[in-house]
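Below is one structure, written out as structure tokens, with a few remarks after it.
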Amino acid sequence: MSWLAEMVALVAPPGCPACRRALARAEERLCATCTRALPWLAPGCPRCALPRHRGTDCPAAAASFSRAWAPLAYQGVARRLVAALKFRAALPVADLMAAQMAANLPAALRGLDVALVPVPPQPARRRSRGFDPAGVLTAALARRLTLPVAPCLVREDRAERQVGASVRTRRAENRILVRVRASPPPRVVLVDDVHTTGATLDACARALVADGVLVVAALSYARTL
Ligand SMILES: [Zn+2]
Ligand SMILES: [Zn+2]
């Protein structure tokens, strides 16, 4: 993998990325205990990726993406893998997560003629982490699905807040601002590590739709329940 992954491997001996216990076999990527404890989601609402909600209460009813999917609940082992990717820069974890996504992809999302678009990071986060977890996950998923990646979005939220600004101004400043920075492909699938409220995915989809793009779906590794 990349120079960063090699550096991480040098300082951290290989262990289970979720529980850090030693792995039984060198080729094992997640220990047997954590593999058994993965919080798989049953097929749920195709619009918001929640396993269930009451009738018309779909939080994605007005979203700009037409469907959403995540294989796992954002808890337990899945949450620890996201943390390993995000905060310990354990890049091989991205490929493990991509493998779990690719192996469980719903039939409706297979064999599509789309490009994968990573949800862009907030510039301040990108700077402090030195890498972009959603971008790394998207690249790994694209390799597994043999799909192109189109990193055509950029976050433009204003991070700094003015001292003494009113609550209303602060709220306005906290809005998720996404801009299409490069000519996007006609059909895309958005990719993120965690689908929480869906507000970021919706902001990304809205920017793309305004640019004439058909946003086929929003794929995430894990869904907050
Ligand atoms: Zn483990
Ligand atoms: Zn729904």
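Just so you know, all these numbers are worked out from the coordinates, no wet-lab data involved. Model, not experiment: these values are computed from the prediction. Reconstructed Cβ throughout: ideal geometry from the backbone, glycine too, with neighbour counts over all protein chains shown.
Computed quantities for the displayed model
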item: Extension gain, Arg181 back to Leu38 (0.36 nm per residue minus Cα-Cα distance, nm); result: 47.8 nm
item: Arg206-Arg144 pseudo-label distance in nm [points 7 Å out on the Cα-to-Cβ vector]; result: 3.0
item: Helix-only [θ]222 nm of the chain, DSSP H runs n ≥ 4, -39500 (n - 2.57) each, per residue, nearest 500; result: -10000 deg cm²/dmol
item: Ellipsoid equivalent to region 36-128 - semi-axes via the Cα gyration tensor, in Å; result: 24, 18, 16
item: Tail weight of P(r) past 16 Å, computed on alpha-carbon pairs of region 89-130, percent; result: 59
item: DSSP bridge pairs, the chain: antiparallel proportion in percent, nearest 5; result: 20
item: Calculated log₁₀ intensity ratio I(q)/I(0) where the Debye formula runs over C-alpha points of the chain, q = 0.13, 0.14 Å⁻¹; result: -0.79, -0.91
item: Computed over the chain: relative contact order in percent, which uses C-alpha pairs under 8 Å that are six or more apart; result: 23
item: Sequence of Leu81, Leu112 once ranked by neighbouring C-beta atoms within 10 Å, starting from the fewest; result: Leu112, Leu81
item: Shape category assigned to region 32-73 from the gyration tensor of Cα positions, a/c cut at 1.5; result: prolate
